[in-house]
Amino acid sequence: MRNKKSEVRDSLLSSVFCPLFSVFCLLSSVFPVFASDETPFEEFPIPTPLSSPTDIAVDRSGIVWVVEYSANKIGRLDPSKNIFEEFEIPTTKSETTDMTIDKDNNLWFTEQEGNQLGKFNTRTLKFEEFDLPVPDSNPASISLDSKGNVWFVEWNRNKITKFTPPPLHEGGGEPIQKMGRGRFKSYDIPTPMSQSSGLVCDSKGNIWFAEKGGNKIGMLNQESGKFKEYELKPAMSMPIGTVIDSKGNVWFCRLKDKKLVRLNPATGEFKDFTIPGTKGAQSMAIDKEDNIWLALRYENKIIRFEHDSEIFTEYNIITKDSQPLAIVADVKGNVWFTMITGNKIGKLNLSKIESISKKSDLKVKLKPPEEIIKR
């Protein structure tokens, strides 16, 4: 079976239980930022060349964090000061691709080659790594629930695994060692070779994910430990993504026919919307207003889908052929994304959009979904 590491390597090449506590601050840079009154975009270069930024997160204080896959680093951008710092992951060639952030602003990430779950304390700037119980499990997509449990996919074992971190001393800090190194519990995904990704937790604690190989959307009820799977049409539609809106609807993309899809879990009904362009979306995010944001890697665009009007808006990225990959919305509604070939972090500043969009030279297009056109 083709594993997750092979898939990540191919994707990047096409574009160009012993605690470990350590920190490596390799570089702290103040750098020029691209920003203009003529565009809502800002661009922040990553200090390490060819770093392959594969994931991105924004913490509650507005600091932007990025996984640098090829550089084997975690990057920290302070946009208010234009300072970029990089921290080397302790395990060499860890092949870290996926990251999430908890309520205390700690980063959690999966190490595919390292076969570990990693944690980076953003306050102490220290790493901790947790060995997985089974060798070569190939951990990938990662998420958190409201109780602080860490969930991730074991790609090679076709499982979803929960990690309960060890308790901390009062006021945070280091784990209480006598309480152990945390607990792992795995659940077998019913569909063999499901190639699951896009883990996300809903308000009830259920874990949702897309089965690219199984052609399904899956849900794990963590209270009962039972799965529910939703069959997709057409066959081999290649679902990716997964975000959940405030009403509990599950959103994802179908790569095969370039659709954005909404699943109502209460009724099991699907509704799809045709994504502008010809290549489809490679990643997605949701903002505080329930708008869906898509990164069109091969068309060099960021797209917004307004959930009320059901209309797409396209924004052309300034850097040519930047190949946007990971995408996230911050608490202010601004959108951040990584650029694989551009080797930058991009920001789409929503406060600038309304004023700039009145100018004729802004490359923004409005395109309703296909089904609206037919009405």
Would you confirm whether any residue within the stretch 65-85 is of a type in the set (Asp, Glu) and in a loop (DSSP other than H, G, I, E, B)? no
Hey, can you tell me all the residues within the stretch 106-136 that are surrounded by fewer than 23 Cβ atoms within 10 Å (Cβ to Cβ) and over 15 Å from residue 74 (Cβ atoms)? 113, 115, 130, 131, 133, 134, 135, 136
Could you go through the stretch 71-80 and let me know if any residue there is touching a helix residue (DSSP H, G or I) at 6+ places or on another chain (Cβ under 9 Å) and modelled with pLDDT of 95 or more. no
Matching entry among 353, 327 (being closer than 15 Å to residue 41 by Cα and modelled with pLDDT under 85): 353
Taking the condition of being part of a strand (DSSP E or B), under 19 Å from the mean Cα position of the chain (by Cα) and within 17 Å of residue 53 (Cα to Cα), how many residues in the stretch 87-117 meet it? 11
Which of the numbered conditions does residue 160 fail, given that it passes all the others? Conditions: (1) surrounded by fewer than 23 Cβ atoms within 10 Å (Cβ to Cβ); (2) in contact with a Leu (Cβ under 8 Å, 6 or more places away or on another chain); (3) not acidic (Asp, Glu). (1)
State whether one or more residues within the stretch 314-336 are over 17 Å from residue 56 (Cα atoms) and out of contact with any strand residue (DSSP E or B) (no Cβ under 8 Å at 6 or more places or on another chain). yes
The lone condition residue 241 fails out of (1) closer than 25 Å to residue 280 by Cβ; (2) surrounded by fewer than 21 Cβ atoms within 10 Å (Cβ to Cβ); (3) in contact with a Gly (Cβ under 6 Å, 6 or more places away or on another chain) is (2)
So which residues in the stretch 215-247 are within 19 Å of the chain's Cα centre (by Cα) and part of a loop (DSSP other than H, G, I, E, B)? 238, 245, 246
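The values are calculated or read from the model by the stated rules, or taken from the named source; none is laboratory data. The model shown is predicted, which means the values in this text are computed figures rather than measured ones. Because the Cβ atoms are built from the backbone with ideal geometry, glycine has one as well, and the counts that use them run over all protein chains shown.
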